[in-house]
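Coordinate-derived values only; no laboratory data. All figures in this text were calculated on a predicted structure; none of them were measured in a lab. Cβ: placed from backbone, ideal geometry, glycine included. Neighbour counts: every protein chain shown.
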Amino acid sequence: MDGRKTPLYEEHVKLGGKIVNYAGWLLPVQYEGLIPEHEAVRSKAGLFDVSHMGCIWVIGKDAEKFLNYLLTNDISKMTDNQVMYALMCYPHGGVVDDLLTYRIKDGEYFLIVNAANIEKDYNWIMDKKEGFDVEIENKSDETSILALQGPEAVNILQKLVDIDLSEIKSFHLRKDVKVAGVNAIISRTGYTGEDGFEIYVDNEGVIKIWNELLRVGKDFGLKPAGLGARDTLRFEAAMPLYGQEISEDINPLEAGLKFFVKLNKESDFIGKEALKKAQEEGLKRKLVGFELKERGIPREGYEVQKDGKKIGHVTTGYMSPTLKKSIGNALIDIKEAEIGNEIDIIIRNKPVKAVIIDRKFLKNR
């Protein structure tokens with residue numbers, strides 16, 4: 001199988017990981033199985049290799065000003081050691097990518113971008129930097145990333161670090177932390193709906209940290225987890241996936257991400273005028289959650305109908321491992337998007353009844 005390997009590739013093979021090609025990378029889709037790995041993250045902890053994600057540094061006097069022009073969120077509101085979710089948009093309002101912005105200090109930031117979009121994002125950023133005093137550095141190839149997720153994550157990681165993890169608040173970071181003796185950046189964000197940490201480290205040090213986490217984590221129920229569980233976890237937690245809930249053709253307002261689009265911030269940003277216009281004129285489509293009322297599994301791309309007429313498509317669908325129900329997200333005509341409205345999902349050419357529900361599937365947790 002062709003594809004790029006992260007520094008942990010051999011470790012995944014040793015652990016019996018089922019390797020697939022994802023965005024050009026050879027990564028484990030599962031080890032023991034999607035369900036046990038998903039359940040471990042919800043109840044104990046899971047460890048993910050996410051070294052395929054991109055890491056792009058933005059450094060210089062105009063870094064804040066440049067990022068505020070590039071991104072939808074208000075970067076001027078960030079303080080040192082803070083992490084902020086934002087989107088990078090095209091002038092027409094569609095999404096180039098969604099990403100996390102990390103502020104180390106004034107003039108020093110890095111962006112964590114989606115693996116499939118690294119080259120596109122880097123070229124886009126380079127193309128837009130004219131007139132700003134900034135240096136852009138793509139450090140994706142030399143940076144490894146681990147995600148330790150779940151209620152026991154803090155107890156496991158605490159055994160291996162030289163700081164008190166309670167000092168790192170949600171959506172904050174610490175630079176120069178020793179993890180199993182290896183220098184790293186640690187953040188506390190999570191893509192699973194659970195508490196969790198991301199560990200950014202040079203490629204040389206990642207194998208040691210991976211193995212030490214698995215060793216220490218054994219007593220806490222930690223399991224290595226693959227891409228399969230990563231997707232079901234993020235989906236249950238109402239986190240969007242680029243190419244499904246957002247894309248060049250699906251803008252952030254349609255995707256329910258208005259909170260991260262600061263149309264009132266002082267600086268202009270790419271896509272601002274188009275998004276403002278879309279909001280003023282009224283959106284025509286909306287991302288909704290749904291639950292099947294009959295047997296079946298909804299899948300990405302399946303048609304959604306109302307009274308026999310197409311009104312949209314499924315963006316993500318699963319049998320939820322936590323809720324034990326067939327649920328999904330769909331982008332549909334906004335006139336049909338009211339909670340409680342009945343719709344049909346076309347599965348194997350047959351309409352299967354569904355009802356629109358709140359997308360915050362885990363809101364009672």
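Could you work out how much longer the chain between Q305 and E281 gets when fully extended? Use 0.36 nm per residue separation minus the Cα distance between them, nm to one decimal. Present the calculation step by step, with values, prior to reporting the outcome.
Details: separation 24, 0.36 × 24 = 8.64 nm, distance 2.48 nm.
Roughly 6.2 nm would be gained on extension.
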P(r) for region 1-40: what percent of alpha-carbon pairs falls in each 10 Å bin, starting at zero? 32, 50, 17, 0
Can you give the net charge of the other residues whose Cβ lies under 9 Å from the Cβ of Y318, counting K and R as +1 and D and E as -1? -1
Taking region 284-357, how many lysine pairs are there with alpha carbons less than 12 Å apart, if each pair must be eight or more places apart or span two chains? 6
Dimensions (Å) - region 212-338, Cα atoms, principal axes, largest first: 55, 45, 21
Please report, for the Cα atoms of region 284-357, the Rg to one decimal and the Dmax as a whole number; what are they, in angstrom? 10.7, 32
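Let me make sure I get this right: for region 79-214, a, b and c are the square roots of the gyration tensor eigenvalues over alpha carbons, sorted descending. Under 1.5 in a/c it's rounded, otherwise prolate if a/b > b/c, else oblate. Which is it? Intermediate results must be reported in sequence, preceding the final value.
Details: a/c = 1.93, a/b = 1.80, b/c = 1.07.
Here region 79-214 falls in the prolate category.
What length, rounded to one decimal in nm, is gained on full extension from R295 through to I35, with 0.36 nm per residue of separation minus their alpha-carbon distance?
Working: separation 260, 0.36 × 260 = 93.60 nm, distance 1.93 nm.
That pair, R295 and I35, stretches by 91.7 nm at full extension.
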Less than 15 Å Cβ to Cβ from N203, Lys/Arg counted +1 and Asp/Glu -1: what total charge do the surrounding residues give? -3
Distance (nanometres) between label positions extended 7 Å along Cα→Cβ at A23 and D219: 3.5 nm
Rounded Å value of the spacing that divides the Cα centres of region 84-112 and region 152-216: 22 Å
Run lengths n ≥ 4 of DSSP H only: what is the helix-derived mean residue ellipticity at 222 nm for the chain, with -39500 (n - 2.57) per run over all residues, to the nearest 500? -6000 deg cm²/dmol
What does the charge add up to near L283, with Lys and Arg as +1, Asp and Glu as -1, over the other residues with Cβ less than 12 Å from its Cβ? +2
Test of understanding: what is the full-extension gain from E248 to E137, defined as 0.36 nm times their sequence separation minus their Cα-Cα distance? 37.5 nm
Could you tell me how far the Cα centroid of region 217-283 sits from the Cα centroid of region 119-150, in Å? 19 Å
Between the modelled labels at K363 and F259 (7 Å from Cα along Cα→Cβ) the distance in nm is 1.2 nm
